[in-house]
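Below: the structure, in structure tokens.
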């Protein structure tokens, strides 16, 4: 894979010559006359979603944390460790994938994504530093290294990213791109569900508010990689068998990890609901890139529809509490990323 040059005065910025990969652009960020209009709309939405973790009040969470059951505290810390690792590796990986993009309207979306991933990392650490006792924090940060199941879980995607850095072939690029889509589309959501379940009991409301904002950002990332993977299916050598194998491996690892850290019947989360939900996510992510379901529909269902009100995924015009002031606002959600059934 050729890296997009920084300075290319002989390049051609015309719409006809603009491609996601393999173009010959000057590298001028010309964003008013673009080939991929969806990218402009998505970038604007990502910018409109701007927020900062310091504005979210987690004061009550400090007391709530002490009132959690021991297994709930274990899950709380383990999920934060996992998510902190995910967004750390994402922040590092995105620039490598972006360096091969030759459509500036898409490259700028990836730049914004990298910024959001870094901010999400800061958000998780804000919760860790504010809520978890000081003598436990270091164990949270490095739980991913010391827990074998979590280490295996994190290593799977990270090694796929690293493989492209070690050998920048087209095949490895597409695998890293697909791995990014799997991470964005599957890996976060069982963790989010745990926090929404806490919120349903009126616990850890500040953390839950932060997670629903992160959730909203992640759905824009899902939309970005849906577009890129669909383009990649036409551009790069690939095998549907390998795609399904990667999805199935990710699903099985996610189920094992969630059962390990949350267990069975904590806050109504069971091994059965975890399996159904994770397979449901895989099916809708595959459908979004034009592929058939991997799991039968009677197995792959969403058992957490009752938690929709705690997330930020319910569509354009839905009213949510405004976390920046004491009023109520309607988030300006893009119709392109509105709702679970749309992504």
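The values are calculated or read from the model by the stated rules, or taken from the named source; none is laboratory data. As the structure is a prediction and not an experimental result, all values here were calculated from the model. Here the Cβ is made from the backbone with ideal geometry for all residues, glycine too, and neighbour counts use every protein chain on show.
Filtering 79, 108 for residues that are surrounded by 15 or more Cβ atoms within 10 Å (Cβ to Cβ) and farther than 30 Å from residue 203 by Cβ leaves a single hit, 108.
The set of residues from region 54-68 being closer than 30 Å to residue 112 by Cα and surrounded by fewer than 20 Cβ atoms within 10 Å (Cβ to Cβ) comprises 54, 55, 57, 59.
Residues of region 142-151 that are surrounded by fewer than 18 Cβ atoms within 10 Å (Cβ to Cβ) and in a helix (DSSP H, G or I): 145, 146, 148, 149, 151. When 9, 95 are checked against the criterion of being surrounded by fewer than 18 Cβ atoms within 10 Å (Cβ to Cβ) and within 27 Å of residue 254 (Cβ to Cβ), 95 stands alone in meeting it.
Do we have any residue at all in region 195-209 that's surrounded by fewer than 24 Cβ atoms within 10 Å (Cβ to Cβ), within 22 Å of residue 275 (Cα to Cα) and touching a strand residue (DSSP E or B) at 6+ places or on another chain (Cβ under 7 Å)? Within region 195-209 (the criterion being surrounded by fewer than 24 Cβ atoms within 10 Å (Cβ to Cβ), within 22 Å of residue 275 (Cα to Cα) and touching a strand residue (DSSP E or B) at 6+ places or on another chain (Cβ under 7 Å)), the answer is yes, since at least one residue qualifies. The set of residues in region 95-151 that are under 15 Å from residue 74 (Cα atoms) and without any contact (Cβ under 8 Å) to a residue 40 or more places away in the chain comprises 133, 135, 137, 138, 146. Within region 281-299, being part of a loop (DSSP other than H, G, I, E, B) and modelled with pLDDT of 95 or more holds for 289, 290, 291, 292, 293, 294, 295, 296.
The condition (being over 19 Å from residue 130 (Cβ atoms), out of contact with any helix residue (DSSP H, G or I) (no Cβ under 6 Å at 6 or more places or on another chain) and either modelled with pLDDT of 95 or more or surrounded by 15 or more Cβ atoms within 10 Å (Cβ to Cβ) (or both)) is satisfied by just one residue among 27, 32: 27.
Here is the figure for region 276-301: residues that are buried (at least 21 other Cβ atoms within 10 Å of the Cβ) and more than 16 Å from residue 225 (Cβ to Cβ) total 5. In region 7-22, is there at least one residue being more than 18 Å from residue 121 (Cβ to Cβ), touching a residue at least 24 places away in the same chain (Cβ under 8 Å) and touching a strand residue (DSSP E or B) at 6+ places or on another chain (Cβ under 9 Å)? Yes. So, residue 71, is that one more than 30 Å from residue 235 (Cα to Cα), in contact with a strand residue (DSSP E or B) (Cβ under 7 Å, 6 or more places away or on another chain), surrounded by fewer than 15 Cβ atoms within 10 Å (Cβ to Cβ) and at pLDDT 90 or above or not? Yes; evaluated as a whole, the condition is true for this residue. Across region 152-171, the qualifying residues are those that are part of a helix (DSSP H, G or I), touching a residue at least 24 places away in the same chain (Cβ under 8 Å) and over 18 Å from the mean Cα position of the chain (by Cα), and the one among them that is surrounded by the most Cβ atoms within 10 Å (Cβ to Cβ) is 164.
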